[in-house]
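Please read the structure below before turning to the comments.
The values are calculated or read from the model by the stated rules, or taken from the named source; none is laboratory data. Keep in mind that this is a model prediction, so the values were computed, not measured. In this analysis, Cβ positions are derived from the backbone assuming ideal geometry, glycine residues included, and neighbour counts consider all displayed protein chains.
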Amino acid sequence: MSLRVPRALTTAIVSFALTQPALAHEQAGVAGGLVSGLLHPITGIDHLIAMVAVGIWGAQLGAPAIWILPITFPLVMAVGGVLGVLHVPLPMPEVMIAVSAVILGGAVAARLRPPFPAAAFIVAIFAIFHGHAHGAELPRAVNALAYGVGFVTATGLLHLFGITIGTLTRWPAGERIIQGLGAGIAGIGCYFLAQGIGAFA
Amino acid sequence: MKLKSPRALMATAMLLAGANAAEAHIVAARLGDFYMGAMHPLTDLQDVVLWTATGMLAGTLGAKGRWLILVFPLGLLVWLPFGSALGAASTQLAGAAMMLAIGMLLAAAAQVPTLLLCALAFAVAMIRGAANAADLRPETDRLLFAAGLACVGYGAITLTMALTAVFKRPNSDSATSWRAIALRALGGWVAAIGLMMASLVLAS
C-alpha cells in the first residue's frame, strides 16, 4: 500500500486530532450578549432600513459626509443610548424611527443634497432616537458590554453596507437602482409610520 | 511523505486514539498560575476592548508607541499587589471612561504627545491589572500570575500596535484615506461603547 500524504497536511491533521475543545472560563453571558446586540439592529426592519439608508445617503453626498458619518454616527447614537439607559423618555420613539426611514429613504430617492451641516443635523436627530431604542435594552442585557459591542458593531456594518451600495452612484444605471431602493425604504417607512400612529388598529 | 506499510498507518491511528484531552486551564500543573495570569485577561471583554483600543491608538502614532512595550506591562503589575482594593464598580467606571477617552482620540486622529500616550496606557494597564487581581484566590501564586499577565500584556499590546501600523501604512499621511477612516471609525465605536457603559455604571 502506498499513500502520498503531504507532510504539512499530516502535521495539521495530527495537531487537530490531538486537541480537545479549550475550556477556558468563559465570561458569563458574553456570547449571548454579543449575539443579542448584533441581532437587535438587524432584526428590527425599521432600524435596519434606516441605517442602510444613512449609509447610502452618505455615499450620495460624497466627501466629507461619506467619511464623517461612520466616525461620528456611533457617538451620537450613544448619546441616545445614554438617554435610553437613564430612562429619559423621548417623544414618540417608534414613530420617529419610522419617520427616519421615510425621510432618509425619500432623501436617497430624490437625491437630496442639502448643505452638510443640515444633513448632519437630520441624521444626528434620528441617531439619537435609534440609540435610545438600543440603549433602553442595555440594562436588561445578560452582559451589557457584550450587548453594546454587538449593537454598535452591527450598526457600523449596516452603514458600511449602505455605503457599499451607495458606490453604485458612479454609474447612471446604478443611480437609478439606488433611487428605487430609496423609494422602497421610504415606502416601508410609511408602513411602519402608519403602524406607529395606529392606522391599522 | 510516503507510507509504504499499513503498519505506519496503524501506528498513527493508535497515536490518535490514545490522545488525552487538552485542558486550557492547567492550574493544577506546574506553572499553572502563570498560564492563568496569561489567559485571564483574554477571557474578559473589557480587557480585550481596552487593550485593543490602546494598541490601536499607539499604532496610529508610529514610533511614539514604542514606549508602551515597556509601560503597559509595568502598569499591569503596579496594582496587582493590592488585589481587590478598588471596587468592581470603580474599575468598571474607570474602564468605561478610558474607553471613551481613547476612542475619542482615535476617532479624532489626534496627534497625542508621547507623555500623554504613556500616561493613558499606564492608567489603562493599572485599571485592568486591578480588575484582574480582584479575581485572585488565596492559593494563587501571585508571582507566576503576575508574570503571565505581564507577558500577555506585552504580547497583546505589541501585536496590536504592529498590526495597526502595518494596516495604516506609514506612508499614507492623509487622515481621510480609507485605512485611516477605518481606524477612526473603530475609535468612534469604542468611544460609543465607553459612553454607554459609563452611563450604565453611573445609573446602577
So A:ALA53, is it in a helix (DSSP H, G or I), touching a helix residue (DSSP H, G or I) at 6+ places or on another chain (Cβ under 8 Å) and within 14 Å of another protein chain (Cβ to nearest Cβ): no
Of the conditions (1) closer than 16 Å to B:LEU57 by Cα; (2) modelled with pLDDT under 95; (3) surrounded by fewer than 23 Cβ atoms within 10 Å (Cβ to Cβ); (4) in contact with a Leu (Cβ under 8 Å, 6 or more places away or on another chain), B:ALA125 clears all except one; give me its number. (3)
Can you name the residue in segment A:70-86 that is at the interface with another protein chain (Cβ under 8 Å from one of its Cβ atoms) and over 18 Å from A:ILE122 (Cα atoms) and is also surrounded by the fewest Cβ atoms within 10 Å (Cβ to Cβ) among such residues? A:LEU86
Here are the criteria: (1) at pLDDT 90 or above; (2) buried (at least 17 other Cβ atoms within 10 Å of the Cβ). Tell me which single one B:ALA110 does not satisfy. (2)
Residue check, B:ALA162 surrounded by fewer than 21 Cβ atoms within 10 Å (Cβ to Cβ), of a type in the set (A, V, I, L, M, F, W, C) and not in a loop (DSSP other than H, G, I, E, B): yes
Mind checking which residues of segment A:87-102 are more than 9 Å from chain B (Cβ to nearest Cβ) and not in a helix (DSSP H, G or I)? A:VAL88, A:PRO89, A:LEU90, A:PRO91, A:MET92
Would you confirm, using the coordinates I've provided, whether B:TRP189 is surrounded by 24 or more Cβ atoms within 10 Å (Cβ to Cβ), within 14 Å of another protein chain (Cβ to nearest Cβ) and aromatic (Phe, Trp, Tyr)? yes
Could you please find all residues in segment A:143-164 being more than 22 Å from B:GLN46 (Cβ to Cβ) and either within 9 Å of chain B (Cβ to nearest Cβ) or touching a Lys or Arg at 6+ places or on another chain (Cβ under 8 Å) (or both)? A:HIS159, A:LEU160
In contact (Cβ under 8 Å) with a residue 24 or more places away in the chain and part of a loop (DSSP other than H, G, I, E, B), is that true of B:THR140? yes
Any residue at all in segment B:112-123 that's assigned to a helix (DSSP H, G or I) and either in contact with a Phe, Trp or Tyr (Cβ under 6 Å, 6 or more places away or on another chain) or within 13 Å of chain A (Cβ to nearest Cβ) (or both)? yes
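Here is a yes/no grid of residues against (1) in a helix (DSSP H, G or I); (2) out of contact with any Leu (no Cβ under 9 Å at 6 or more places or on another chain); (3) among the polar types (S, T, N, Q); (4) crowded, with 17+ Cβ neighbours inside 10 Å:
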| residue | (1), (2), (3), (4) |
| --- | --- |
| A:GLY106 | yes, no, no, yes |
| A:PRO114 | no, no, no, no |
| A:ALA120 | yes, no, no, yes |
| A:HIS130 | yes, yes, no, yes |
| A:GLU137 | yes, yes, no, yes |
| A:ALA146 | yes, no, no, yes |
| A:THR169 | yes, yes, yes, yes |
| A:LEU193 | yes, yes, no, yes |
Only one of B:LEU200, B:LEU143 is more than 14 Å from chain A (Cβ to nearest Cβ) and among the hydrophobic types (A, V, I, L, M, F, W, C). Can you tell me which? B:LEU143
